1. For residue 306, indicate whether it is outside the structural domain of residue 51 (by TED's automatic domain parsing), closer than 25 Å to residue 50 by Cα and either free of Cβ contacts under 8 Å to residues at least 40 places away in the same chain or within 29 Å of the chain's Cα centre (by Cα) (or both).
2. Of all residues being at pLDDT 85 or above and part of a helix (DSSP H, G or I) in the range 431-446, which is surrounded by the fewest Cβ atoms within 10 Å (Cβ to Cβ)? Just the residue, please.
3. Taking the stated definitions as given, is residue 193 in a helix (DSSP H, G or I) and within 30 Å of residue 417 (Cβ to Cβ)?
4. Looking only at the range 471-480, decide whether some residue is in contact with a helix residue (DSSP H, G or I) (Cβ under 7 Å, 6 or more places away or on another chain) and under 30 Å from residue 423 (Cα atoms).
5. For residue 421, work out the one condition from (1) assigned to a helix (DSSP H, G or I); (2) touching a residue at least 12 places away in the same chain (Cβ under 8 Å) it doesn't fulfil.
6. Take the residues in the range 100-126 that are over 19 Å from residue 373 (Cβ atoms) and under 24 Å from the mean Cα position of the chain (by Cα), then tell me which one is surrounded by the most Cβ atoms within 10 Å (Cβ to Cβ).
7. For the range 342-360, give me the residue count where each residue is without any contact (Cβ under 8 Å) to a residue 60 or more places away in the chain and crowded, with 24+ Cβ neighbours inside 10 Å.
8. Specify the residue that is farthest from residue 483 (Cα to Cα); the eligible residues are those in the range 340-396 that are within 14 Å of the chain's Cα centre (by Cα) and part of a loop (DSSP other than H, G, I, E, B).
């Protein structure tokens, strides 16, 4: 090796050593900062900022955070609120609320956490830092606080709720793509979203029922929080107040102030959210009597391993989650399991595999509770019935016990592109394997038989898990989506509430005192350094590409979902492109 090559190698080694030292210093500083709790004066005001989306997943690994990719776990926000609830150094909690990208399940859970704060003797103040044409969900969360203020110049129109459904069938028609369809369940309208051009009567019935249920909770929540009659809330909504003065006149807010003016008015020392995140559980007297595994089932249900898609979104991967369930069941230090589900469903086979893991875990005799976040439908609900009990938020979308299969027919599309397609087959139903031609009558019947058989198994799993007859399950199945409140009425869930309620159920199952401390331990174990690097780099690159696509949030979400669903088997999913806001 020449002198130039030798110097280059030495420089390369020095660079690598320098990077390792720098990396070590960053890690050391990170842990030293995280271990020291802040000094908080008695009578302090804690300021928490609620903004954007929150994921049902553990915090991103350290390396991922260091390179700028950080997801915000919803459980971390709940943990901060629970810590504040028992922190006697605090007098007031101010919740600065900006645009929220959450569903009605998380919104309801946040409201209950805020309510527990003032039940514990803390003053709660919501500060709406918004100028939006769509702020109903943000106001719904804020209405749990004792006082509500809006920023001067802001706008929080409380104009009710609306549901919007997308149908992609017209797009495929223009492209010359047809579909062979098999489905079980008259309400299984995911097929309509993907291949249709509008709502069927059954889908419209279901959609109106969901909107009515969420609207009832919306109105009653505001009425309770603002000490108004529901009829007065409905009148206020119909008046369409937008400006702070209009909102105050109707009793929906208490005034208009800038945040610094509000904090000055409250007085006392101010503790910010980032600083308060360093408070350790022991600082507020947390002494766990039991450890409970917290396992996440977030995103589309898919086969195989992994925790995130190539776009960086969480996936409910059968092998990974199934193994985590079994590991927790076999761990002598774990007393129970909570499976936290936020999933629209997906692969029927993957759902069955996770369900089977739960059955095997039950043999160890530990309580298993399923806790629903915004969404636990179709495959997500299929998995949940394997638990001992199901806890759902009143606004969580759940059920959708139904199945469908779609087979694209590309012949007309290829013809438009000038592509000629010829095919040869061996076997009566070999046309299943062709992309260019519609299925023969016999093959279409076989497709429907496969879907119907999967539906039968789904109904049987629900009947077993819910201690119902298959006839009773079929009556509330048919692919119908329910809110959590409706699901409780028809026997599909056991109790209304969030993660806090699920922990209460575990306490009762273990014979612990009602206020006994319980530690939630995330399963599976953290990724190795190599896995962190590979996952972080892949998700960052693909995520940046997806972020630049000129499509709506709903369509981007659907594209991410479709990329991880295998189309050659029955699917358990609800209507994909629905959002009530």
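The values are calculated or read from the model by the stated rules, or taken from the named source; none is laboratory data. Note that the coordinates shown come from a computational prediction; the quantities given were computed from them, not determined experimentally. So basically every Cβ, Gly included, is an ideal-geometry build from the backbone, and we count neighbours across all protein chains shown.
1. no
2. 441
3. On the way: in a helix (DSSP H, G or I): yes; within 30 Å of residue 417 (Cβ to Cβ): yes.
Yes: the conditions hold for residue 193.
4. The answer is no; no qualifying residue exists.
5. (1)
6. Quick first cut of the range 100-126, residues over 19 Å from residue 373 (Cβ atoms) only: 117-126.
Retained after the next criterion (residues that are under 24 Å from the mean Cα position of the chain (by Cα)): 117, 126.
Details: 117: 23, 126: 26.
It comes out as 126.
7. Residues in the range 342-360 being without any contact (Cβ under 8 Å) to a residue 60 or more places away in the chain and crowded, with 24+ Cβ neighbours inside 10 Å: 4 in total.
8. So the residue we want is 345.
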